[in-house]
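Here the structure is laid out as structure tokens; the discussion comes afterwards.
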Amino acid sequence: MKGKKYLKGIVSLILSGLVLGTSFSYAKDYNEIALLEEIENEYTGTPMAAPRLETIAFNDVPNGHWAKEAIARAGALELIKGWDDHYYPNKNVSRAEMLGICVRLLGRNQEAENSTNATLANWDKNVSTKYLWAIGHMKITEQLGFIKDTDYNDAVYPDQTILSEDKGNFLADNGATRSEVAKWICQTLEIIAPDVVNENTYDFHYSNIYNYKDWNSIANEYRVYVDMLNKLDIMIGSDGCFYPNKRITRAEVAKLLENLDNNYYNFAGLTKKMGYVADILYDVEQQNDEDVRHVYTYFRSYDGRIDRMHTTQSRNNIGQITKNETVVYKSGAVGAAARLAKADIVNYLVNTDGEVVYVEVEDENLVKVDAQLYDTRLIEDGQITIKLKDGRYVTCVLKYELYNKNDKTILIDDTKYQMNKLPFTTFYTFTMKGNVVTQIDYKGEEEVYKEQRGIVQKVDIPNQTIYFFDENGNVVSKKWSNELEVEKQDYYETSDNIGYIDEVFKEYLFDKMDSNPESIEAGDTIFMQFNSNGQINSLGVGTNYGVKYGKIKSISYRGVEGSSIVISYDDETSETMDVAPEVMVKKSGRLTTLSTLQIGDYVRVLYNRGIISPNNVYETIKQINITSVEKEVTDVLKGELISFDNYQGEMIFADVEKLESLGWTDFTNIKTIDVDKNCLYYVDDKRVSLDYVKEFMEGNGTAYMAIGRQLGKDVILKLSFRTSRETLLGEDNVSYAKGNGEFKLTSDSKSYVADDGTIVVRYGRLVDKEGIMSPDLAKVVLNGDRSCAIVDINEEITNNELGIYRAKIKSLVERKSFEVYSFSRLLDMEWSYMPLERNFEINSHTDIYSGGQKIMYYDFIDYTDASQIDNIYTIFAIGDEAILLNDIPYVDRGITGQVYKIEGTTFKLKDVVSWNKDKKTWEEISFNDRTMDVTPGEPVIYIKNNEIVDAEEIEVGDKLRVMGLEDGLTQKQSSGGYTGYIIYIER
Amino acid sequence: MVKVKNQRLILLKIFCLVFLVILNALIFNTQSYARAGEMFYFGGVTEGSKLEKNIDKIVGTKSNGTTTHSYKEVVLVDGSVKIAEGTMTIKDGTPATWQDSGSYTIAYTITPDETSEVLLDRQITLNVKYKKVDNQITKDCTINKWTETITIGAEVYTLNAAKSTLNLPTIEWIAPAITYNKVVISNELVYDGLSSRVIVTHTGQSFGYNTTYSSVETCNIDAKVESFAMNEGKIADKASWSMIVNLEPSVTMNKTLTYDTNTPYAISFDGNYLEVIKNAGGLYYTITKDKENSTLKKSELKGEYSLPTFNQTEILIAPKNIDMWKGNFAEDDIRKLFSMEVLEGDTKYYVPNQGITRSQFIRLMVKALGYDAYDGKTEMAIYEDVPSSHVNYPYVVKAYEIGLIKGVGHGHFNPDEILTRQEAFVIYTRALALSNKAAYKTSITPFIDNDKIADWAKREIVALYNLGLVKGDAGYVKPTAKLSKAEGAALVNRLIDYLREGIEPEYVENLINYD
């Protein structure tokens, strides 16, 4: 039967809920059917109500006073009293009064009054009687240990004038402090078990008192109680302070008593119920000679059941009125049951005798309740059951927008949730209008420790203070303790699973998240925990990293301060960044140094960004990655623009030639090239649009273009048109560069001008005109008298660091090194003999060839028939590190010349001179034909820029130095070519 | 009791009549899904496909889920870098709409070109299981069938399917304007040759995205190759040779807008926009560690090749009466939106200096992102103040479905209020799902008028700032300024441009070069 009854209640709730939902107004269209239902509890009024109503009609607590309800409630429970129709709400509560209230809470008021009377019977009449009414109360509280016996003695001391609080006396007539009130209330209601009261053993880790700025001024003996009352929301501070020593007013006490809520009601055997007035029935009856008026008030309590309160007023024949009434607070005023009306939302207190002692009609304002979403099975009917923190269950009706019965979803925090995917929480804040839930917000569980989150503004290391923005955007500062633990993941760490591990497992040795305050930067997100002194004890740091991608416009080195680089972005804005010396720089996935950065490099910059204040952003560069080939200029071409294919995004050029060391080569009749979407177009020094080019530049002037590669295809990176006469200058060093594009070359005193339209290529990167520097080795194409169409800057080639030795192996340490008896070193064209033993290191990168066969470095051994001892090698080494060992012939002759043509593996050289071994000079090989063909020997070594390279590196225009066995002059005279074994590429 | 029940029933009926039925099911757009995996994950590459033309959306295309592409792959089994050329046919069973979970099959067939120096013959059928959690889809695949032979001259390598493993877990993140995807690649391919067993291990990642205007897929794979001598069925313990090669294939597909003028002067319209539809594939390889005794020259340690295609074009309509915006700073933007039919109808009603309302802006965004308006078959009441009779109702419902706008507790959308800049920024960030580019609960922005920015817009504005998409005007972001129709059009067109060409470099150029 019980289940059935439950259902009945629900049905009626649904009905009312639906109606409520449609109308949004509680009172309208009210359609309750409570009278048909079974009554769960029958209650009555109380004969005490009438006198209490008279006592609490205080003149100085007007209707609508902020504490009116609390005072009415406390009055209805006979916890407080006033005098002369006044409550004096702003007066302080004296200690005597407060202890009196405690005794009332304990229900021992009568006993105390008896005791007072007994004491006063023998009292010296000369002593002030101001608080003597409370002597019995104080005696009881002294016996209970709320106050000390010395306090009691002070309280009854005849001459109160010689007592003073400064001397530690207990002045019963003075106002009770908030700390004292907290203590007494806790003790009265045994809110905290006496065995945990000890402030020396109480666990303050999760104490609420540290939320207050003035927690330090709470005396030790009160801290436990203040903490408890805080946690129960009974007594809280304001403006971030608790004000422990402030005296409490009478109105505040009333409020405090109300806040005790079930902590007191349970203690006093009162039941607090919530619900609304479902219906009211009136009945008048003649009984003997009395008129009895019965009022039956039907409360629909929140569990869906019906409670009926029976109040009566009877008038006998001589006009005496007897009332069995209740105290009702409604709309800011106090009255009797007659004030109740249908649909009033109420909470009511019932004593053990089934008497309703107090009814509060709640304002129809929105009420927020923190509760558990207990049962959602009735969501289809728009109902949920919530479980309040005091353990009561309430079935409420959802406002219709809050749920969807079709897909069984509920709206929480403005987001739709499936019933099986609700937020991870027990508690929600339900905003109620009556028993209609109008909003549900996430509440979460209680916090087990205090943690504060913020975004760092600055860190003051010397003062151990951190300034951060809290969640409201205010700047807050906190000090850290000497035991501060900082957990910050370095930017290169990808794992996120250590962190707190070593806090749990102390023996865990390496924690890559352990850090120090110095590592905290502006913009970091921090989580702080505090010690008992309110200082930061532990600090977790999250970063605010970002990546920028751009091209280096300029670099200035500033020694130990690092350097500053200007980066330009795709949108043509640029920015200066300071780079600290310790910043890691990577190129092609390998670590390198800042000095590798070149103007024109494309880089990705990893930074940590902090917004310190509006318009003030602070960034720290953490790492720079130099990107590889993508934007490199692979070729510089010239031609005549024939047309632009709008649909394929291609340009068609005629008479296209490529710039090589020797000049323009590689003629192509028609060439189609894709246009990069960021391609820059210039006519002379003027930037123009693609449309301008299409309209005016087809067939007009010479088009110079820098070509790059994208996804294996040639694309134009910069296209520049010029209409003057072209002059090609020989490769030369820049002797002077003004920094604005104006420069001079060593070979003449003329000043040349590179403008915005000039294609300046520096080490294969497209750079601005400012990128020309002294003593760059530049190839210049002039168009006009001084204007440069192209400035192509190449790295100067040196081969001095690579040592070439010829030696016989004396001994070796496998995989590590070998020793030679003595050696000759090749200096220019001559071998210089040194009668010294010398060690060379070998490793897996050392290439070893013998008889044209590759020998793995681990097969370079000194035993078996493959023993290397006494073998002769030519050794190519940088320092002591052998790069290459090859048993090439002993070459001591050679020629040099410039490549004018490459045919297969043959290099055709011009301007050839031959080394005269005897005279130690270079000499002409012929007076009319100074060309010679060079064929590679077997084996052959090509050297460029201190590196062993492939034959493919040789381009037309390169200057070669070829070492071989024959004399160049003799070979020329016999019309032979020259076979080279060591070929240096020297531009 | 009986009486109670009846009352309840009557009221329930009223309930149904009075209240509109709210339908759930965030039906994600499915227009651009089947793209990920077009080159598969073995370090090969296709040229991709052309993005769908606008006209195809209206008239429809015959598609049976099968596509054919040219295909190139770096073959390493013989210890050298060789290019296998052929065709890849994909039979894609990807469902049209995602359920909460499910599975489908996808089959890849590679047929070698006769001219190819390496003959690669491969058939893989995968069973893909997926699961959808909110706006994310995770996928896992198992092999249904896998046969493969690689023929290099006389040597034939046959895939040992029993010993080989594919591991390609995938995640897709669906935002209103874009779907991001990532594949973790961890494969072991075992080939048996005539006298050796070659084990190729792939480790890497693939990143990609799909939008209506562009689609990109980029892989970065480290391939480790080890060859073990095989003698009378016995396989040597130690590799006879080994090498590591880095493979970076990428496929890009996009549509760009270009203006096409008309030569005869006497034509009723001045010119019109064309959408140029491009796609291309390319691959870079780098031999990170060459095999023992290799005779490769330095210049041979790196290489690249591409699969370019010929562009297609689609002609867009030429809006009429365009002179009314002539000279306006947003002239081009408005004109483009009319050409793309994001804006429709009589041009004279798009008055540039009038305010744009919240629902009008949503309408532009929904259309710009390529969604159809909500079909209205079932009445959906999401906002109290956007009834089905509201002119922009189908777009607001669609915007809600795709997550561009959120439900608000009080059920109000304020559809007819003029849009403010901060509202536009929030919608913008949400379209790209990039709000995580700023710290959680950011309370301060770099702009001088920080205090004027609503709390709900701060994080999004910082995210756009971090991405360089909002720079501010002399330090001010003017969050509460109202947007005009001209500014609204400029904003929407800027997003389209970003989707056409703005994100691609981040995925292709920047990612490939990100060492």
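What separates the Cα centres of the range A:733-791 and the range B:455-472 is a distance of 42 Å. Inter-chain neighbour count for A:402-413: the average number of beta-carbon atoms from partner chains within 10 Å of each residue's beta-carbon is 3. Legend: mean number of C-beta atoms from other chains within 10 angstrom of residue C-beta atoms, peptide A:708-718, equals 4.
For A:Ser975 and A:Glu841, a Förster radius of 45 Å and the Cβ-Cβ distance give a FRET efficiency of 0.50, rounded to the nearest 0.05. 3J(HN,Hα) couplings calculated from phi for the range A:920-931 with the Karplus curve 6.51 cos²θ - 1.76 cosθ + 1.60 (θ = phi - 60°) are, in sequence order, 6, 9, 8, 9, 5, 8, 6, 9, 10, 10, 9, 10 Hz; Gly and Pro show x. Here's the list of lysines a cross-link from A:Lys959 could span, going by alpha-carbon distance under 18 Å and ignoring same-chain residues fewer than 8 apart: A:Lys779, A:Lys901, A:Lys908, A:Lys910, A:Lys944.
Cross-link partners for B:Lys131 among the aspartates and glutamates, with Cα-Cα distance under 12 Å and sequence neighbours closer than 8 places in the same chain left out: B:Asp100, B:Asp140, B:Glu172. Taking amide H positions as modeled 1.01 Å from N, with prolines and chain starts lacking one, the residues under 5 Å from A:Tyr682 and 5 or more places away or on another chain are A:Val688, A:Leu719, A:Ser720, A:Phe721. Distant-in-sequence amide contacts of A:Gln489, defined by a placed amide H-H separation under 5 Å and a gap of 5 or more residues or a different chain, comprise A:Val541. Once the C-beta distance of B:Asn160 and B:Thr97 is scaled by a Förster radius of 41 Å, the resulting FRET efficiency is 0.60 to the nearest 0.05.
Heavy-atom accessible area for A:Cys679, with the other protein chains in place and a 1.4 Å probe, reaches approximately 10 Å². Pairs from the table (A:Lys548/A:Lys622; A:Lys808/A:Lys920; B:Lys452/B:Lys478) lying more than 18 angstrom apart at Cα are A:Lys808/A:Lys920. Pairs from the list B:Lys398/B:Lys458; A:Lys443/B:Lys471; B:Lys72/B:Lys182; A:Lys750/B:Lys298 with a Cα-Cα gap above 32 Å: A:Lys443/B:Lys471; A:Lys750/B:Lys298.
Residues of the range B:178-219 with amide nitrogen under 14 Å from the 7 Å Cα-to-Cβ point of B:Gln136? Flagged as within label range: B:180-184. Compared with the dominant Cα axis of chain B, that is its longest principal axis, helix B:421-432 is turned about 30°. Just the Kirkwood number for the range A:568-659, please: inverse of mean 1/r across all distinct Cα pairs, in Å, one decimal. Over the range A:568-659, the inverse of the mean reciprocal pair distance is 16.9 Å.
Measuring with a 1.4 angstrom probe and ignoring ligands and nucleic acids, A:Trp133 comes out at about 110 Å² accessible. Each part reduced to its alpha carbon centroid, the range A:106-179 and the range A:925-955 end up 115 Å apart.
Summed over qualifying helices (DSSP H, 4 residues or more, each -39500 (n - 2.57)) and divided by its residue number, chain A shows a 222 nm mean residue ellipticity of -4000 deg cm²/dmol.
Averaged over residues, the count of other Cβ atoms within 10 Å places the peptides B:355-368, A:831-844, A:236-249, A:608-621 in the sequence B:355-368, A:608-621, A:236-249, A:831-844, highest first. The protection proxy used here, the mean number of other Cβ atoms lying within 10 Å of each residue, ranks peptides A:423-429, A:201-207, A:937-943 as follows, highest first: A:937-943, A:423-429, A:201-207.
At full extension, A:Asp239 and A:Asn740 could sit 174.1 nm farther apart than now, given 0.36 nm per residue minus the alpha carbon distance. Highest mean packing comes first when the peptides A:517-528, B:248-259 are listed by Cβ atoms within 10 Å, giving B:248-259, A:517-528. Straightening the chain between A:Glu814 and A:Asn200 buys 213.9 nm, computed as 0.36 nm per residue apart minus the Cα-Cα spacing. Computed from the C-beta positions of A:Asp933 and B:Asp497, the FRET efficiency with R₀ = 45 Å rounds to 0.20. Find the relative contact order for chain A and round it to a whole percent, using C-alpha pairs within less than 8 Å whose residues are 6+ positions apart. Here the relative contact order equals 6 percent. Per-residue surface analysis assigns A:His65 an accessible area of about 40 Å², computed on protein heavy atoms at 1.4 Å probe radius.
Of B:Val184, A:Val560, A:Val899, the residue with the largest accessible area leads and the full order is A:Val560, B:Val184, A:Val899 (1.4 Å probe).
In chain B, the longest principal axis of the Cα atoms and the axis of helix B:2-18 are about 80 degrees apart. Phi angles of the range B:438-449 translate, via the Karplus equation with coefficients 6.51, -1.76, 1.60 and θ = phi - 60°, into HN-Hα couplings of 10, 5, 4, 6, 5, 10, 9, 10, x, 8, 4, 8 Hz per residue; Gly and Pro are given as x. Counts of other chain beta carbons within 10 angstrom of each beta carbon in peptide A:638-651 average 2.
Considering helices alone, the calculated mean residue ellipticity of chain B at 222 nm is -5500 deg cm²/dmol, with DSSP H runs of length four and up weighted by -39500 (n - 2.57) and normalised per residue. Dipole check for the protein assembly as shown: with +1 at the C-beta of Lys and Arg, -1 at the C-beta of Asp and Glu, and the Cα centre as origin, the magnitude is about 3260 Debye. The calculated pair-distance distribution of the protein assembly as shown uses every alpha carbon pair, bins of 20 angstrom beginning at 0, and gives 7, 24, 29, 20, 12, 6, 1, 0 percent. In sequence order, the range A:818-828 has phi-based couplings of 9, 10, 10, 5, 7, 8, 10, 10, 7, 10, 6 Hz under the Karplus curve 6.51 cos²θ - 1.76 cosθ + 1.60, θ = phi - 60°, and Gly or Pro positions carry x. Between B and A, buried accessible area summed over both sides at probe 1.4 Å, in Å² to the nearest 100? Interface between B and A: roughly 6200 Å².
With each label modelled as a point 7 angstrom along the Cα→C-beta vector, the A:Ser314-A:Leu120 pair spans 3.6 nm. Atom-type composition of the exposed protein surface of the range A:219-294 places 43 percent of the accessible area on carbon and sulfur (1.4 angstrom probe).
Which of the aspartates and glutamates could a cross-linker span from A:Lys972 if the Cα-Cα distance has to be under 14 Å and same-chain partners fewer than 8 positions apart are dropped? Straight-distance partners of A:Lys972: A:Asp911, A:Glu923, A:Glu924, A:Asp929, A:Asp933.
The values are calculated or read from the model by the stated rules, or taken from the named source; none is laboratory data. Being a predicted model, the structure only gives us computed values, none of them experimental. Ideal geometry is used to build each Cβ from the backbone, glycine not excepted, and the neighbour counts take in all protein chains shown. Note: accessible area is taken over every heavy atom of the protein model, side chains too, but ligands, DNA and RNA are not part of it. Shrake-Rupley method; radii C 1.70, N 1.55, O 1.52, S 1.80 Å.
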